[in-house]
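Below is one structure; the comments refer to it alone.
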Amino acid sequence: MTHSPEEKLHRDFNAGKISRRGFMRRAAALGIAAQAPLFLGAAHAQTTSAAEYDYIVIGAGSAGCAVAARLSEDPANKVLVLEAGPADTNQYIHIPATFPLLFKTELDWDYTSEPQTKLDGGTLYMPRGKMFGGCSSMNAMIYQRGHSSTYDAWGASNAGWSYADLLPLFLKSEGNTRGVSDVHGADGPLSVTDLNDPNPISLAMVKGAGEAGYALNSDFNDGDQTGFGMYQVTQKNGHRASAAVSYLHPAIEAGRLTAQAEAMVQRIETTEGRATGVTFVADGSEHTATARKEIILSGGSFNSPQILMLSGIGPKAQLEEHGITVVHDLPGVGQNLQEHYMMPVVYTCTQKISLTQAGTEEQGALFAQGKGLLTSNIGEAGGFLTINPDSPAPDLQFHFCPGYFVLDGAGNPTDGSDGMTILPSLVQSKGTGSVELVSGDPNVKPKVNPNVFQNDADYDILIQGVKIAREIFAAPALDELRGEEVLPGPAVQSDADLKAYINKYIQTIYHPVGTCKMGDDDMAVVDHELRVHGINGLRVADASIMPSIINANTNAQSIMIGEKCADLIRSA
């Protein structure tokens, strides 16, 4: 059979015989207006590894997409992004309300914590996005920067990391539909907006918070977090605006970088104390890509320390235990893990307007117009309060959900009833945990121990949160919506009973940070320019570098860290 030049070109590309850049060159030489796929799958791993790059970014998550796209803006830079998961083609990624359907699928790293002492051996589910966009492709899209005091604490020992230093980077990344102001940007790649179609339940909850005597807040990112209101979200026209949508895809479509999906990193190669390449497995074979300038590790707070340790960079005793040659003894790798935690206060809803109704044909038609229940980010509203008077920033956050959200959604009632949930959320715990290797095999997940409720005072904050949630549900604004209390249930009233309830229904908020912390002390992993201590040509850029956890949702900060890393590299 004779194939046309265009058919042969596509066949060679799909077989991985030529790169995307090679495809475009041959298409131009043949005079063919042909469009290669915008990302490379496992079959292209050999053509990817055959080339040298200036920069290799490990992980196409929130920070990785940002740093890669920014570095690729210089046409002199040849940039490669390696992502363990596939491209973000699954429709549930882009429909905001369906992100829980991605949990425990091939698009989720699907971590489970070690048994927790304070939970009588219970474990916590800890999802992590495994696709283009990483966790920004499966989170609740809430745009929060957090309190300035945390950044100022970072900046006290890390030059360039105070809130005043970082605000310009937030503004640079932000494309806020409210327009430009001293605290918001409007021209950045990340679409930040008010919900297109907020649920009446969420609006009633916010009104109820005001009726219960709490302040209302129309902008949690203007320097004053306290109060309740609707959250802004990373959406565009009712669809998810992930870091992949906002940063990575425009760079791919412009031909500025190479994005290799389905590439499982094995280790970072080092020569005489310098990072020189990345070895990865794709399509069943091992490949090594070479970096002429730098490697940026953006695997997230679980995978970044794992990859460092697999590369011989980490606590010496732990590396030797698993037969890994020690390249650099760095004891802080995998330590200092911090998280946020929440649990549900749930009522039935007397009207059929909750997210239970999101699966109808009518809602599908509304979504096509950027409206309806499917545009919900699930955590549509909420607020912040300070319970501990000694806390420098609010220590209790609330997430208002116009539907059921129990135990990551896995505990939701299945009887078709309508419900509504307020999730009191612990956001200033000082407890720390760890990420440790189980094996020298990259395919074996590391051991994650968040050490929940290391401090008993954390219970007091959540117990107060339950009481406040009940106050809000009892407000007149919810009279026409409020059914029966499902959880904790009317019988659960004493602090002791509420503590037992919290232990049973606690979950993470999917905000792990800190395991490659920034600083200059003995347990720091990177310096203030995100360079790994003791290794040249290697930086970490993701939430793992946070010395202490922000008191709010962590996606905006992860993207900012990617922006910061790109600036640091360009100014080096």
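List of remarks:
- When the Cα positions of Ala393, Pro446, Ala477 are compared along the charge dipole of the chain, Pro446 comes out farthest toward the positive end, with charges on each C-beta of Lys, Arg, Asp and Glu.
- The length gained on full extension between Asp441 and Ser162, counted as 0.36 nm times the residue separation minus their Cα-Cα distance, comes to 96.6 nm.
- Simple spin-label estimate for Glu73 and Asp527 in nanometres, 7 Å along Cα-Cβ: 2.5 nm
- Share antiparallel - DSSP beta bridges, the chain, percent rounded to 5: 70 percent
- Point-charge dipole on Cβ atoms (K/R +1, D/E -1) for region 226-374, about Cα centre, debye to 20: 580 debye
- The simple Förster model, with R0 at 51 Å and r as the Cβ-Cβ distance, assigns Asp460 and Arg274 a FRET efficiency of 0.55.
- Over 11 Å [Cα-Cα, region 192-236], rounded percent: 67 percent
- Going through (1) 0.98; (2) 1.12; (3) 0.95, the figure that equals Rg/Rh (Cα atoms, Kirkwood Rh) as computed for the structure here is (1).
- Span from the region 123-157 Cα centroid across to the region 299-326 one, whole angstrom: 23 Å
- Value at 222 nm in deg cm²/dmol, rounded to 500, when DSSP H runs of n ≥ 4 in the chain each add -39,500 (n - 2.57): -7500 deg cm²/dmol
- Surface accessible to a 1.4 Å probe, per residue, for the residues of the chain, Å²: 36 Å²
- Averaging the Cα positions of each part gives two centres, and for region 40-89 and region 512-536 these lie 23 Å apart.
- Contact order normalised by residue count of the chain, Cα under 8 Å, 6+ apart, percent: 20 percent
- By average C-beta atoms within 10 angstrom, highest first, the peptides 375-381, 342-348: 375-381, 342-348
- Pairs beyond 28 Å (Cα-Cα), from Lys104/Lys447; Lys447/Lys517; Lys447/Lys467; Lys316/Lys447; Lys130/Lys467; Lys78/Lys564: Lys447/Lys467; Lys130/Lys467
- Modelled label reach - Ala572, point 7 Å along Cα→Cβ, region 291-327 residues with backbone N closer than 13 Å: 291-297
- Percent of alpha-carbon pairs separated by more than 17 Å within region 344-465: 68 percent
- With the convex hull of the Cα atoms taken as the outline of region 428-540, the averaged projected area works out to 11.6 nm².
- A Förster distance of 41 Å, applied to the separation of the beta-carbon atoms of Val326 and Ala410, puts the FRET efficiency at 0.50.
- About the Cα centre, charge dipole magnitude for region 283-330 (Lys/Arg +1, Asp/Glu -1 at Cβ), debye: 220 debye
- The accessible surface of the chain, taken with every protein chain in place and a 1.4 Å probe, is 49 percent carbon and sulfur.
- Cα-based equivalent ellipsoid, region 86-171: semi-axes from gyration tensor eigenvalues, Å: 30, 22, 11
- Summing Cβ point charges (Lys, Arg +1; Asp, Glu -1) relative to the Cα centre of region 470-572 gives a dipole of roughly 320 debye.
The values are calculated or read from the model by the stated rules, or taken from the named source; none is laboratory data. Quantities reported herein were computed from a predicted structural model and do not represent experimental measurements. Glycine also receives a Cβ, built like all others from the backbone with ideal geometry; neighbour counts cover every protein chain displayed. Surface areas here come from the heavy atoms of the whole protein model, side chains and all, with no ligands, DNA or RNA. Shrake-Rupley method; radii C 1.70, N 1.55, O 1.52, S 1.80 Å.
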